[in-house]
Number of protein chains: 2
Amino acid sequence: MTSAVIPEAHHDLVDMPHVGVLTTLGSDGRPQSTAVWFVRDGAEIRTSLLTTRQKYKNMAAHPKATLFVLDPANPFRTIEIRGDVSFEIDPGGALFERIVRHYGQDPDTFPAPKDGRVVLTLHPKRVVVNG
Amino acid sequence: MTSAVIPEAHHDLVDMPHVGVLTTLGSDGRPQSTAVWFVRDGAEIRTSLLTTRQKYKNMAAHPKATLFVLDPANPFRTIEIRGDVSFEIDPGGALFERIVRHYGQDPDTFPAPKDGRVVLTLHPKRVVVNG
């Protein structure tokens, strides 16, 4: 099933704290995948990125990305969200803290840099679900 | 850690029957990800593909792909294998049967088409591991 909307029947895949696989395009034309934590905001997906990371540089040059989530309880149930990306500042690190809490961690003690982050928003253009 | 070789310490991620995420590049310049079953053959990764699938068409046009595997027991432990791809015929469906058995299924009863398949080999060019 394909549309540009995250279907309600698959909201759990993006609303539960599952690890997603975010793929960007490198300057060499190869896809590059990394594990990401993220949250859904209505029709969109948001994550927090350090601007020193290769995936940020890739998306700054080529603002498209794909997020893939596999249901850990049923590997035939998946969602793929292909979209365009945009970046914003994250005053006070509010989104970063929200994501860390969503994944059951304490932002005050979580061992990840808090500075130098931006909010990445993935605007879905094509959503493919299975299962 | 990065090299063009799958490090021994992470062989389990590609030798256990974990579901991988294979990403190809669509003609619209967007990465496309799907769940795949696969096996390792020495330094290379092999999977079985139906030539009717979009990912096959994508790789026929742009013979590069990335396989990403997340350790289900530790989401901070991952492997990403970026490589070039090549295709061969699969006489008698031997590789397809091997993969289906590796994932604990019976090739005689597994509900997937047996005809119209090719062997995809992913030749690693850059391997990134975490954890």
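The values are calculated or read from the model by the stated rules, or taken from the named source; none is laboratory data. Keep in mind the model is a prediction, meaning the values are calculated, not measured. Here the Cβ positions follow ideal geometry from the backbone for every residue, glycine too, while neighbour counts run over all protein chains shown.
Answer with yes or no whether B:V69 is under 17 Å from B:D15 (Cβ atoms) and within 12 Å of chain A (Cβ to nearest Cβ). Yes, satisfied. With respect to the conditions (1) within 22 Å of B:P75 (Cα to Cα); (2) at pLDDT 95 or above; (3) surrounded by 13 or more Cβ atoms within 10 Å (Cβ to Cβ), A:K64 falls short on a single one, namely (1). The number of residues in the range A:33-78 that are among the polar types (S, T, N, Q), farther than 19 Å from A:E97 by Cα and in contact with a Lys or Arg (Cβ under 7 Å, 6 or more places away or on another chain) comes to 2.
Of all the numbered requirements in (1) surrounded by fewer than 20 Cβ atoms within 10 Å (Cβ to Cβ); (2) more than 9 Å from every other protein chain (Cβ to nearest Cβ), B:F76 misses one, and that requirement is (2). Counting only residues that are surrounded by fewer than 17 Cβ atoms within 10 Å (Cβ to Cβ) and closer than 26 Å to A:A60 by Cβ, the range A:94-106 holds 4 of them. Is there a residue being within 9 Å of chain B (Cβ to nearest Cβ), at pLDDT 95 or above, under 11 Å from the mean Cα position of the chain (by Cα) and under 22 Å from A:A4 (Cβ atoms) anywhere in the range A:36-52? Checking the range A:36-52: not a single residue is within 9 Å of chain B (Cβ to nearest Cβ), at pLDDT 95 or above, under 11 Å from the mean Cα position of the chain (by Cα) and under 22 Å from A:A4 (Cβ atoms).
The single condition among (1) surrounded by fewer than 17 Cβ atoms within 10 Å (Cβ to Cβ); (2) of a type in the set (V, I, T); (3) in a strand (DSSP E or B) that B:V119 does not satisfy is (1). Among the residues making up the range A:79-120, those that are more than 14 Å from chain B (Cβ to nearest Cβ) and either over 23 Å from A:T51 (Cβ atoms) or free of Cβ contacts under 8 Å to residues at least 24 places away in the same chain (or both) are A:P91, A:G92, A:A94, A:E97, A:R101, A:D106, A:P107, A:D108, A:T109, A:K114, A:D115.
Restricting to the range B:7-26, give me the number of residues that are farther than 17 Å from B:I99 by Cα and either within 13 Å of another protein chain (Cβ to nearest Cβ) or crowded, with 20+ Cβ neighbours inside 10 Å (or both).
Taking the range B:7-26 first, the residues farther than 17 Å from B:I99 by Cα are B:7-10, B:23-26.
Restricting the remaining residues to those that are either within 13 Å of another protein chain (Cβ to nearest Cβ) or crowded, with 20+ Cβ neighbours inside 10 Å (or both) gives B:10, B:23-26.
Of the residues in the range B:7-26, 5 are farther than 17 Å from B:I99 by Cα and either within 13 Å of another protein chain (Cβ to nearest Cβ) or crowded, with 20+ Cβ neighbours inside 10 Å (or both).
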